[in-house]
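Asks: Once you've had a glance at the structure underneath, I'll fire off some questions.
The values are calculated or read from the model by the stated rules, or taken from the named source; none is laboratory data. The shown structure was predicted, so the numbers you read here are calculated from the model rather than taken from an experiment. Reconstructed Cβ throughout: ideal geometry from the backbone, glycine too, with neighbour counts over all protein chains shown.
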Amino acid sequence: MRNRKILLVSVAVLLLVSLVSSCSPGKPLPAFKFLSGDSETAKKYAQGIQENLRANLGIETVLEATDFATRLKKMRAGDFDIVFAGWGGDYDDPMTFLDLWITDGPYNDVKWSNKAYDDLIAKAKASGNADERMKAMADAEKILLTESPIVPLYWPAWNYAEHPWVKGIIRSTVGPDYDWKWASTEGRPAGDGKLAMNLGEEPPDLQSITTTDQVSFEILNATNEGLVRKNPAGLYEQGSGVAKSWTVSNDGLVYTFTLKDDVKWSDGSKITAKDFEYAWKKVIDPRTASQYNYMFFFIKGAEEVASIEIPDPAADKAAYDAAVKKVEDGLKAVGVVAKDDTTLEVTLAAPSAFFVSLTAFPSYFPLQEKYHVAKGDQYALEANAILYNGPYTISEWNHGAKLVLKKNAAYWDAATVKLEQISFDMIKDINTPITMYEADELDAVGVPGDFIPKFKSERPTELKQMAQATVWYLELNPKNAAFANPKFRRALSLGFDRQSFVDNVLKNFSMPAVGYNPPSIHGKDGAVFTEKYVEAAAKLSPKANLTEAQKLLTEACKELGFAVPKPPAAKK
């Protein structure tokens, strides 16, 4: 009898130990600070992400919604645990996305570092063989998806509406979203020759050498111009921008651009090749701290100069002076030279099939050195502190509320520009722009998912849709110990239900991001990169893989000393 009691007690103890063990002892997993934008749409999407993580993994987050400029500053400073971020392609090549995550990259907010990844990106940059480039970039994307420093969520669809009187607004999948050079109206109730749009945000930075955001890109693309401009057919033709023509050497390394004779700044002064050399080298110069300097690394010597570290002069003046001399000597050797007023010679580090298209991007726009230096840190802070060379100039800028463009009479192709004025509001909420559009107060408008059924029913011919070369994702900051653990990051990626998110939160025909590069980005011979080159086994599932996610989450929490969080359904 005594032995039986001992046995029963022993069994009870074992059961208790098992029960306690199954309750995952450890300190509770704290809620993560979740940074997002403060527009109604951004907050709605962020709340959907919160619920997805809570319902599937039991992970709690505390939302911090901030304005656009503040969010960018916090991202660059690493002031977040999780941030809801996105990237749109600047040119049609996978490198425009993959280059972000190299060690010490300017947009690598999470400071992720992987030598194999870096080596693959370097190999792709240096190679002139298309097949070798595609293989290296596909292998790099596989590493990114497996390591999960970021969690791809969705590839967005662009849903918008235009009134029937609106003509010729060019929308692009890469680079600035809009080009209004060819826009016009016919039969506009409030009078032709004008457009009213909602910009949604204050443009944070209209200085071409430092700007990083899509809102600023859109305004800069309207008010300035590079060597080329993409035409309505999506082509970069000779004579389309400031350059009259260009030639390419037989080895594909030297581009010689000849500028038009009649191109002028808005003050009437002539645009010269020196304006391009000055601007491009300002971007490359590490003292500018341009986060888009990487777009110039196709040019011989640019990456080497941009990588020079500049010490704090207050801490070590001699080292600072030595670094500055090294930069200035290096800039002289960079492959950008104004041969005369109308000839710009550019030497590349390796052949590039898309280099000409880069020169249409705002970071490649010219700057007049005399004016830029005279304005100093006040340049581009107000409408009257910018020189313009594009189809429009800024005539009014009421910060945070309104921005008005007017036709630039000094533009070389002013005869093609039909609009006299474009007015932009900066409205962040969802409903007001729709109401204004329905009242004919806006000529075009983005259509949020909740309004798509209404527009399909009431305005089917006005509702339009196109794919974007954009991916939205979560950045996971390894400053937080949980996100320094690869298993925890991977668990979060596998446990997120992308299909549910796009179906129930976005509701706008966006696609679950089963990879990083979106389907609008192409590889060799125009093939869709993510379809042809990224292995199926490397891709993520549209639906959550909760079994594998819970397994990794349990292992990660045990390693970190946290109790395994339980989804609400598991707590019942």
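Asks: Does any residue in the range 433-448 that is on the phi > 0 side of the Ramachandran plot come within less than 6 Å, Cβ to Cβ, of a residue that is modelled with pLDDT of 95 or more six or more places away or on a different chain, and which pairs are these?
Replies: The qualifying pairs are 440/189.
Asks: Filter the strands (runs of 3 or more DSSP E) completely within the range 392-486 down to those with at least 2 residues that are modelled with pLDDT of 95 or more, under 30 Å from residue 32 (Cβ atoms) and in contact with a strand residue (DSSP E or B) (Cβ under 6 Å, 6 or more places away or on another chain).
Replies: Working: elements: 392-398, 402-407, 421-425, 444-446, 463-467, 470-476.
Counting at least 2 such residues, we get 470-476.
Asks: Turning to a different aspect of this structure: Assigned to a loop (DSSP other than H, G, I, E, B) and in contact with a Pro (Cβ under 8 Å, 6 or more places away or on another chain) - does that describe any residue in the range 130-142? Can you show your working first?
Replies: Step one: list which residues in the range 130-142 are assigned to a loop (DSSP other than H, G, I, E, B), which gives none.
Within the range 130-142, none of the residues are assigned to a loop (DSSP other than H, G, I, E, B) and in contact with a Pro (Cβ under 8 Å, 6 or more places away or on another chain).
Asks: Within the range 103-112, is even one residue over 20 Å from residue 290 (Cβ atoms) and either assigned to a loop (DSSP other than H, G, I, E, B) or out of contact with any His (no Cβ under 9 Å at 6 or more places or on another chain) (or both)? Can you show your working first?
Replies: So in the range 103-112, the residues over 20 Å from residue 290 (Cβ atoms) come out as 110, 112.
Add one more test, that the residue is either assigned to a loop (DSSP other than H, G, I, E, B) or out of contact with any His (no Cβ under 9 Å at 6 or more places or on another chain) (or both), and what stays is 110, 112.
Yes.
Asks: Among the residues of the range 529-572, write down those that are within 33 Å of the chain's Cα centre (by Cα) and hydroxyl-bearing (Ser, Thr, Tyr).
Replies: 530, 533, 541, 547, listed by residue number.
Asks: Still on this structure, I have one more. Quick check: is even one residue across the range 396-408 under 23 Å from residue 227 (Cα atoms), touching a Gly at 6+ places or on another chain (Cβ under 8 Å), assigned by TED's automatic domain parsing to the domain that holds residue 209 and touching a residue at least 12 places away in the same chain (Cβ under 8 Å)?
Replies: Going through the range 396-408, the residues under 23 Å from residue 227 (Cα atoms) turn out to be 405-408.
Filter once more, so that each one left must be touching a Gly at 6+ places or on another chain (Cβ under 8 Å): 408.
Filter once more, so that each one left must be assigned by TED's automatic domain parsing to the domain that holds residue 209: 408.
Checking the rest, the ones that are also touching a residue at least 12 places away in the same chain (Cβ under 8 Å) come to 408.
Yes, the conditions are met somewhere in the range 396-408.
Asks: Right, something else. Scanning for something assigned by TED's automatic domain parsing to the domain that holds residue 288, among the acidic types (Asp, Glu), at pLDDT 95 or above and in a loop (DSSP other than H, G, I, E, B), does the range 164-181 turn up at least one residue? Please lay out each step first, then the result.
Replies: So in the range 164-181, the residues assigned by TED's automatic domain parsing to the domain that holds residue 288 come out as 164-181.
If we keep only those that are among the acidic types (Asp, Glu) too, we end up with 177, 179.
Subsequent filtering for residues that are at pLDDT 95 or above retains 179.
Keeping just the survivors that are in a loop (DSSP other than H, G, I, E, B) gives none.
No, the range 164-181 has no match at all.
Asks: Any residue at all in the range 42-62 that is at pLDDT 95 or above, of a type in the set (A, V, I, L, M) and not in a helix (DSSP H, G or I)?
Replies: There is at least one residue in the range 42-62 that is at pLDDT 95 or above, of a type in the set (A, V, I, L, M) and not in a helix (DSSP H, G or I).
Asks: For the range 440-491, give me each residue that is farther than 28 Å from residue 176 by Cα, of a type in the set (A, V, I, L, M, F, W, C) and either more than 26 Å from the chain's Cα centre (by Cα) or crowded, with 16+ Cβ neighbours inside 10 Å (or both).
Replies: Residues satisfying the conditions are 481, 482, 483, 488, 491.
Residue by residue, here is whether (1) in contact with a Phe, Trp or Tyr (Cβ under 7 Å, 6 or more places away or on another chain); (2) among the aromatic types (Phe, Trp, Tyr); (3) farther than 15 Å from residue 148 by Cα holds:
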position: 468; (1), (2), (3): yes, no, yes
position: 489; (1), (2), (3): yes, no, no
position: 495; (1), (2), (3): no, no, no
position: 519; (1), (2), (3): yes, no, yes
position: 523; (1), (2), (3): yes, no, yes
position: 527; (1), (2), (3): no, no, yes
position: 565; (1), (2), (3): no, no, yes
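Asks: So, of the residues in the range 64-93 that are among the acidic types (Asp, Glu) and closer than 17 Å to residue 106 by Cβ, which turns out to be surrounded by the most Cβ atoms within 10 Å (Cβ to Cβ)? It would help to see each step written out before you state the result.
Replies: In the first step, residues of the range 64-93 are kept if they are among the acidic types (Asp, Glu); the result is 64, 67, 79, 81, 90, 92-93.
Checking the rest, the ones that are also closer than 17 Å to residue 106 by Cβ come to 79, 90.
Working: 79: 18, 90: 23.
The qualifying residue surrounded by the most Cβ atoms within 10 Å (Cβ to Cβ) is 90.
Asks: Moving on to the next point. Checking the conditions here, which among 500, 520 is surrounded by 15 or more Cβ atoms within 10 Å (Cβ to Cβ), touching a strand residue (DSSP E or B) at 6+ places or on another chain (Cβ under 8 Å) and of a type in the set (Ser, Thr, Tyr)?
Replies: Numbers: 500 fails: touching a strand residue (DSSP E or B) at 6+ places or on another chain (Cβ under 8 Å).
Exactly one of 500, 520 is surrounded by 15 or more Cβ atoms within 10 Å (Cβ to Cβ), touching a strand residue (DSSP E or B) at 6+ places or on another chain (Cβ under 8 Å) and of a type in the set (Ser, Thr, Tyr), namely 520.
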